[in-house]
Structures are given as C-alpha cells and as structure tokens.
Amino acid sequence: MQAARPVLMRGPVWAAAGLMLATLALARLSAGWPDNPALAWALEYPGAWVVPLKDWISAAMSWLVEDARIGPVSFTDVTRAIAWLIEQPYDLARALLADGFLDGVGRRAKQILPPLSWIAIIAGVMALGQYARSWGLALLVGLSFLYLAMFGQWESAMVTLSSVLIAVPIGVAGGLWLGILAYRHPLFDRMLAPLLDLMQTIPIFAYLVPILFMFGFGPVAALVATVIYAMPPMVRITTLALRGVDSEIKDFGVMAGCTRRQMTWRILVPSAIDGLMVGVNQVIMLSLNMVIIASMIGAGGLGFDVLSSLRRLDIGAGFEAGIAIVILAIAVDRLSQAMSDRAATVHPGAVAPQGGWIARHRRMVAVLGVMIAAFLLGRVIPFFQTYPETLWLTTGGFWDGLVKYLNVNYYDAFEAVKLFFLNYFLLPIKRFFLGVPWPWAIVMLGLLGAWFGGWRLAVMTVAMAGFIVVTGMWEKAMITVYLCGASVVIATAIGVPIGVLAATNPRAGRVIGVIIDTLQTLPSFVYLIPVVMLFRIGDFTAMIAIVLYALVPAVRYAAHGVRSVSPDLIEAGVVAGCTRWQLLTRIRLPLALPEILLGLNQTIMLALSMLVITALVGTRDLGQEVYIALTKADTGRGLVAGLAIAFIAIIADRVISAGARNARIRFGLEEQTHG
C-alpha cells in the first residue's frame, strides 16, 4: 500500500520546521527595520520601485471608452448596443413582475398596465413546483412567495427575480456554447482554463469596476457582471458532462451517420442533460448571489435594501431584507433542483398525457385562469392586484429589540470575547505577516511550491508573489493573508470535527446536512447583518462573517473523506482490536486527509471571496482597495488589487491541491505519474 514518495517530498521535515522557525524569528527581529534606512526596503517596498500598472490600465480603459473605434463604430457604440440588447428583455421582465407598463419616464410616467398580480405569480410558482416534483414543493415555494408579500418585501424581491430571470438564460447559453467549443477543440480548452480560473478567483467587486466604467451605473452593468460571475461553472460542467457521455452512445451516433451538429444536439447534449442541469442550478444560485452584490451599482432589489440598512444601521429593516433574500434563495434553489431531478428522470420518449390541449396543459390553463381573474378583480378590488400595506407584517421591532437587549445586557461579554481574540489571536498573526520581509517571503513561497509541486509550481508562485510586490500591493496583501488565514484556521477547527461527527453518526449527519444546505443557500451579504449588529465594524467582525461563510466546505469535505474510507480497512482495524478513538485517529482521519485538504482549499477560496464583501465593515486589506476603486470608478486600482487577490487564491489552490495529491499518492489512493 505504501507508494514511493515524490522526490521533493523526501526532504527532511526538520528543514521545513527550521525554515518556519527562522521566519518567526525574522518577523520578530524586523520590528525595528522601518527606522533603519539600510533595511527598510525589505519590509516596505519602496514607492520609487513600484511599477505603475494601475495607471497604465486606467489610461488604457480611458482610451478604450473615449477614443477607440473601428471605422465609424466606436467602442462606446458597441457597449451601448450590448446594453440595449440586455435592457429590452430586462425591462419587460421588470414590467411584468414589479413596475407594470409605463408611459413616459421618471416621476411623470403613468402606468398603462399593472404588473402581474401577486396572487397570479404565487399560483405560477406553485404550478411550477407541482410540475417539477410534488404538491409539497408547490406548497413550500407558494408559502415562500406569500411570505415576501406579507412582510412587505414583494416589490424588491420581484426586482431581484427580474434580474435573475434575464441573467440565467444568458449565462446558461453562453456557458453551454463555450463548454461545447472547449469539448470539441482541446487547444481552446487549454486556452480557456486559465481564463476561467481568473474569472472564478478574481473578487466579485473587481468585476464591477471596469464594467461600471464601460456600461455606467445601472441594472445593465449589474446584469453583465452577474453573467460573467455565473458563467464559468456552466462552462466547466458542460465540458465534463460531454466528456462523461458513454463511448457506446457516441459510437452509435457515428454508426447512424450523424453530422457534427446532429452528434452535438441530438446525441451528446441530451445524453449529458443530468450534468448540464446541475450547471443550470449553479448558474441560478450564483446569479442570485451576484445580483444581491451588484445592487451596489444600481441593480436595486433586496440587495440594495440590505446595503442601505447596513449603512443606516437599521437593524430591523436589514434583518427583514436579509431573511427575504434567504427565503427567495431557498425557493429558487429547491425549484431548480427539482427541475434538474425531473430532467434526469423524465426523458423525451416518456409517455405524454392523453386528451385534448386543455387536458394536456391543465397547470398552464389554471395559472392563466388565475392571472385573468386576478387582473379583472384587481381593477375593482386592489387587494387582488397588490398585497395591501395595511396587512403587512413586520419583525423589525422584534429584531431591533433583540439586538438592543443583547447589547444592553451582554455588551461587556461581547467586548471581552472580541478583545480576547483581537489581542491573543488576530494581532499576533497580523504582526507576524507584516513583519516578514518580502524577499524572504518570496523565497519561502518558491521553496513551498518546489516542495509540493516541483519547479513549475515554484516558478509560478514566485512570479505571482513578485507581481504583488512590484505593483505596490504587498502590505495590503499581507493583511489579506492574515485575515483570511486566521478565519480559515477557525473555520477548519470547527468544520472538520463537525464533518467527522456527520460521517460517523447518521442521525447527527442528517441534522448537520440540513444546516449546511441552508448555510450554502445564503447569499454572502446576509452573514454581515447579525455580526455587525453585535460586534460593530472591524477585523473581528469580518473574521466571524468569513468563518460562517467558509465553514460549509470544511464540513462537507471532511464528512465525505471519512465516509469514503474503505469499510474493509475499518473492519481490519476492529479485528485488530482498535478502540473507536484509534479507528478515528489512525485509520479514518489519515485516509481522509486528501479530502480534508481539498476542503481546506475550498474554505480558502470562499474566505477570499467573502473578504472582499467584508470591506463594507472597515477592513484594511485588498478587499478595501477594490471597494474604494469601485466607489471612485478607478479601473486600474480595482483590477490590480483584484488580480493580487486572485493570485493569492491561485497560489493557495495550486499548493494545497499538490499537497492533497501527494497525500493520495502516499496512502496509495492514486498512482504517481512522471514527466
């Protein structure tokens, strides 16, 4: 079972420990270097050496927007045409769901036709739920939408839903097209892979800066950013799903004389529909998450309500809008999952209902009937058109009172916890990272890359770390690494034991599964609301929000890794007389290590993405740099900071993935390849 270890893994462990001790000593000794002209440059990269990349990017963007043209067509004409194409279906969706059809613009606009009645929309989503799975799902989504109406969140929720309804088809179609191209052309696949890596690792806010510059403030810019953010998973899943189609099915298509187009659309895509629907679900959830964040550049909707509540410190309104986001996300997620399951189980050749058109489309006829009845009744009785404000319920007072009670009675306890973590956990880590000279850090990263992945990984880590240094982002990058690292340590320390419990205790596993599913559905903004209310702004608040957001993969991967351990090995351990503790520490956990490392990898990715959101609570890292660039529409500053975060993510991803692979080879779970 014991396989040969990679050459670089044979290096003495004491050397790694010695380097770590040397780094700790250096970080401590360097405290006085800023006052020493001969050594200060090693801690603070001199401003005169900084490559003005952000100025070059800003100048290039200004030229692109103001002067670039091909013949009579300027770049601005192209962006305006794209904006017009996106704006038409968006305006239609928003008119149907939220605003109604208007004559005129601004305050003088008059409503010609009202939007769809809230009763008709609830009937529509219930019919969709019943069609996709069952009356139980229909009841769940119906109650979810009724909640939005009863608690006064209907209009904002419909604005958010309008954005999702437009962004999802564009993201799915674009992702499917790119995925098919990548499947057909390996060279295109290799060229696309690093671009997808960047799209998934560059922080969301960094997308917003150039898009805001090109498309201006408003919903169109938000939709473009949403599509870019949500498309990569669809591309990757499409490529994987097409590659996973059984070779016998492909051979059958070839023998039947299918053309290339027929092979794609009549053989491969229908055969890969199960995987493709998973990609659609991912696009829907990412679109919903991004639409909330894009409210900062004019998307409006529930995200804007949360953002404005955070700015006003309006606790009750913030909680209500946050809960509405959660309710909407759960309803949309369950519906899309049910549609995915239905697509996987019901195939085009299934027996269709018999009877006339009305008998075959009973749900559609029923929904149309409700829609017409609600419209006609709504002309006479407003209740049938719009849920009356006088019947709105609110929990704002409850949340205000609860937070006030907690702050009045437990303020000292909250402050004590906060100060303890700040003084004995966060600040020492921060001093360490800021105290490591940047030349030494780059050398260490190179050695780390060589240790785990060989010289190619070493060169890549050194190049990416060098980019961060020469663009003048080193100090903010170290603050980012400190906050992310501290949060990941806590998330892993909490998540791995919970994952082990979920894997070894089926009853606890079911409860933990429900909680984890719910946490994964929550948009990242939502995590900020309770922690800001209890701990105010600052690094500790950011850390709590990041831990909550990044906890899920640590739990999931640990549970999956422990469950994946071969029952034969467990049985061998039992026969050998191992206690439960010995089974866990000597068999389950060591063999689950590769999966736990992959969970650590995903935890870091989520922590970095959340780090940018926490710029709203006053952090001082690269996320704050991106946020400032967004508020000032400074494209160069935002992109350079965004790339710096992406490079940190890529370094962590590649090093940990190489470590996980080495662990799998060491335990005989994967064969070592050479060359």
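Tabulated results
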item: Filtered residues of segment 454-480 (kept if under 26 Å from the mean Cα position of the chain (by Cα) and in a loop (DSSP other than H, G, I, E, B)); result: M473
item: Yes/no for Y424 being modelled with pLDDT under 90, more than 27 Å from the chain's Cα centre (by Cα) and assigned to a helix (DSSP H, G or I); result: no
item: Considering residues of segment 546-604 that are assigned to a helix (DSSP H, G or I) and among the hydroxyl-bearing types (S, T, Y) only, the residue nearest to the chain's Cα centre (by Cα); result: Y549
item: R510 charged (D, E, K, R), under 30 Å from A294 (Cα atoms) and in a helix (DSSP H, G or I); result: no
item: Matching entry among L165, L148, L102 (being closer than 30 Å to R362 by Cβ, open to solvent by 10 Å² or more (accessible area, probe 1.4 Å) and among the hydrophobic types (A, V, I, L, M, F, W, C)); result: L165
item: Every residue from segment 301-312 that is open to solvent by 20 Å² or more (accessible area, probe 1.4 Å) and touching a residue at least 60 places away in the same chain (Cβ under 8 Å); result: F304, D305, L310
item: 1 or more residues open to solvent by less than 30 Å² (accessible area, probe 1.4 Å) and more than 23 Å from I645 (Cβ to Cβ): qualifying helices (runs of 4 or more DSSP H) within segment 196-279; result: 219-243, 247-255
item: Test for M126: is it open to solvent by 10 Å² or more (accessible area, probe 1.4 Å) and either touching a strand residue (DSSP E or B) at 6+ places or on another chain (Cβ under 8 Å) or closer than 22 Å to L376 by Cα (or both); result: yes
item: Number of the exception - T579 against (1) under 14 Å from T504 (Cβ atoms); (2) open to solvent by 50 Å² or more (accessible area, probe 1.4 Å); (3) in contact (Cβ under 8 Å) with a residue 12 or more places away in the chain; result: (3)
item: Among the candidates R637, R654, residue that is farther than 30 Å from I537 by Cα and among the charged types (D, E, K, R); result: R654
item: Test: residue in segment 406-413 that is within 22 Å of F151 (Cβ to Cβ) and either open to solvent by less than 100 Å² (accessible area, probe 1.4 Å) or modelled with pLDDT of 90 or more (or both); result: no
item: Complete set of residues in segment 497-506 that are open to solvent by 30 Å² or more (accessible area, probe 1.4 Å), in a helix (DSSP H, G or I) and either among the aliphatic types (A, V, I, L, M) or over 14 Å from A554 (Cβ atoms) (or both); result: I498, L501, T504, P506
item: Among residues of segment 372-383, those that are under 17 Å from W154 (Cα atoms) and open to solvent by 60 Å² or more (accessible area, probe 1.4 Å), counted; result: 2
item: Extreme residue, nearest to F432 (Cα to Cα), among residues of segment 19-71 that are aromatic (F, W, Y) and in contact (Cβ under 8 Å) with a residue 40 or more places away in the chain; result: W33
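The values are calculated or read from the model by the stated rules, or taken from the named source; none is laboratory data. Since the structure is predicted, the reported quantities are computational estimates derived from the model, not experimental observations. Glycine gets a Cβ as well: all are built from the backbone with ideal geometry, and neighbour counts include every protein chain shown. The protein model used for the area step is the full one, side chains on, heavy atoms only, and it has no ligands, DNA or RNA in it. Shrake-Rupley method; radii C 1.70, N 1.55, O 1.52, S 1.80 Å.
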